1. Under 5 Å between amide hydrogens, which residues at least 5 positions from Ser463 or on another chain qualify, with H placed 1.01 Å from N in the peptide plane?
2. Once phi is turned into ³J(HN,Hα) by the Karplus curve 6.51 cos²θ - 1.76 cosθ + 1.60 with θ = phi - 60°, what whole-Hz value does each residue of segment 99-112 show in order, with x for glycine and proline?
3. Check every DSSP H run in the chain and write down those whose alpha carbon atoms cover 24 angstrom or more along the long axis and whose mean Kyte-Doolittle hydropathy is 1.6 or greater.
4. Which residues' amide hydrogens lie under 5 Å from the amide hydrogen of Leu140, considering only partners 5 or more residues apart or on another chain, with H built in the peptide plane?
5. In 5 Å bins starting at 0, how do the alpha-carbon pair distances of segment 93-189 split up by percent?
6. Counting only heavy atoms of the protein chains, get the accessible area per residue of the chain (1.4 Å probe) and round it to a whole Å² value.
7. Can you give the Rg and Dmax of segment 284-364 based on its C-alpha atoms, in angstrom?
8. For segment 38-104, restrict the atom set to alpha-carbon positions and state the Rg and Dmax in Å.
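The values are calculated or read from the model by the stated rules, or taken from the named source; none is laboratory data. Please read these numbers as outputs of a predicted model, since none were measured by experiment. As a convention, Cβ positions derive from the backbone with ideal geometry for all residues, glycine included, and neighbour counts pool all protein chains shown. We work out accessible area using only protein heavy atoms, side chains counted, and drop any ligands, DNA or RNA first. Shrake-Rupley method; radii C 1.70, N 1.55, O 1.52, S 1.80 Å.
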Amino acid sequence: MERIFEHFKFLIFSIVLILTFNTTIGAEKLSPELWRTEYHILKTTESNYLSNLHSMEWIPFHGSLALGFEHQNVLVRVSYLGETNMWEQNALYLENPVAYVDSITVFQWEGGKLIATQDGDIHPKRKSIFSQHPYPLFSLNVNSIKQNKEFFILYNSLSNLFISPEIYDEETILSEVFGVRDLFFIYFGIILIVFILNAVLFGLTRNSSFLYYMLYVFTSFLYQLSFTGYAKIFLWPNAGKWNDQSMVFFGSIALVSVALFSIRFLVLQKRIPVVYQWIRILIYLILTNAVFSLFIRSIWNDPIVHILGIITSLTLFGSGIYLLLKKLEIARFYVLAWTILLISILCFNFYALGILSDSIIFRHAIQLGTMAEMLLFQFAIVDRLMKPKEESIVKVERESKQNSRNQRIASLNQEDLIYQINHILSEEKLFCDEDLNVNRLSTILGIRSDQTSALLNERLGVSFTQLLSKYRIEEACKILKEDPSKNILTVAFAVGFNTKSAFYESFQKIVGKTPTEYKKSLNS
């Protein structure tokens with residue numbers, strides 16, 4: 001346990017170090033009052049829209065425009081309202097500060113014609129203009145703007161269409177590019193540290209909570225690489241179709257991973273069986289949509305995973321609150337993690353709808369929220385493992401007060417305590433919690449751990465470990481009888497064992513057969 005605590009301190013130290021040496025810079029955009037943005041949703045009949053630009057009905061908007069999940073071509077007109085004869089700008093850049101737009105085409109006047117340049121998910125990685133910047137980025141023709149004072153942008157996407165054309169000069173574009181780079185360096189650096197730390201902790205403890213959490217961190221890492229645009233830059237720069245599909249696919253797998261982690265961490269299968277079955281149904285639906293998105297890209301793929309994600313998140317959040325109200329203290333950091341993530345999702349959506357003003361915090365609220373969620377989940381796991389140690393310290397303090405009363409097992413209401421032990425183990429099925437130990441059971445009973453051990457030896461003739469193994473193996477046999485096709489390792493984890501070898505050893509000792517032999521006897 002001391003080694004786990006040391007590793008956790010290393011995590012906090014590493015995060016502080018990264019934050020200290022990588023301060024994110026927020027770029028100041030050019031004065032928005034000098035630029036007017038208007039949009040027009042193109043109809044299918046408007047195939048020759050470039051020849052009818054000035055006869056279109058243009059709708060003004062300010063800041064950002066979120067059109068939701070609609071497969072439409074949206075044309076944006078950007079007009080310069082100031083004087084250009086005294087203009088000192090030598091270079092201008094246009095950015096859309098989200099990476100998940102399928103295609104963005106910028107039209108600028110050159111020689112009396114509209115010349116197009118493209119960027120976005122389905123297009124190959126750009127070869128110049130800050131090629132490692134994740135967001136769609138264009139170089140604007142300054143002379144064209146001086147002469148015509150306008151240019152046009154065509155947006156097309158099957159995902160949530162978020163339009164926010166932002167203009168920078170040479171100085172501010174550097175602040176934007178390096179600021180985004182530093183922000184994501186911090187973000188992905190923390191995720192990498194968390195993953196490595198949990199791999200080490202799993203190797204030390206063989207506690208499956210770390211394994212499930214590693215799966216969640218890894219799949220979230222892949223999803224965020226796609227979401228932020230870095231997957232296109234570093235992993236598949238020319239795989240336009242896959243880059244377009246990867247966000248839905250990895251987002252779905254990350255959602256399934258956090259559901260599996262939550263089931264394991266909160267022991268939902270035993271504590272709230274109805275919710276456990278409901279989450280399993282949601283997992284199957286999410287995976288079906290994810291597989292479907294690999295073969296057929298549809299306007300429905302993205303909203304479906306969002307809807308399922310909201311339902312799953314609220315279910316897990318509600319389960320955490322319910323168990324916290326039931327005095328399950330290890331749920332406190334878990335609930336806090338979901339609270340912060342849900343707040344960050346709301347902040348981002350309010351920003352996208354223009355309710356919240358543009359800032360680097362609201363623009364990257366999803367990344368900041370998931371980072372906080374991951375760290376709090378880490379706190380939750382460590383809190384769960386440290387709980388027995390804390391309870392032991394409390395017991396020592398109580399023991400010093402109770403020694404003067406010379407309280408022994410004879411003074412206890414032994415019948416009532418035995419009843420409580422049987423009720424806790426058989427009815428509440430607390431034995432399914434892999435972290436249950438004699439100190440924790442004693443805390444629940446309100447007696448010292450040495451009294452619990454003495455009570456079990458005197459009244460039941462077994463040690464705490466033997467009693468725990470008995471209940472776990474009986475439950476395992478019951479599960480295998482109900483469903484002989486069930487995977488043995490899944491059963492072992494479900495009843496509270498955290499290693500296959502410990503499960504096999506206890507099973508053979510109590511049943512007289514290995515789990516495999518027992519399964520065969522059920523089928524014969």
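1. HN-HN under 5 Å from Ser463: empty list.
2. Result, ordered by residue: 9, 9, 9, 4, 8, 10, 10, 9, 10, 10, 6, 9, x, x Hz.
3. Span-like helices, by this rule, are 170-205, 332-352.
4. Here Leu92, Tyr93, Leu94 satisfy the definition.
5. With 5 Å bins starting at 0, P(r) equals 2, 12, 23, 22, 21, 13, 4, 2, 1, 0.
6. With all protein chains present, the chain gives 47 Å² per residue.
7. 16.1, 46
8. So, for segment 38-104, Rg and Dmax equal 14.7, 42 Å respectively.
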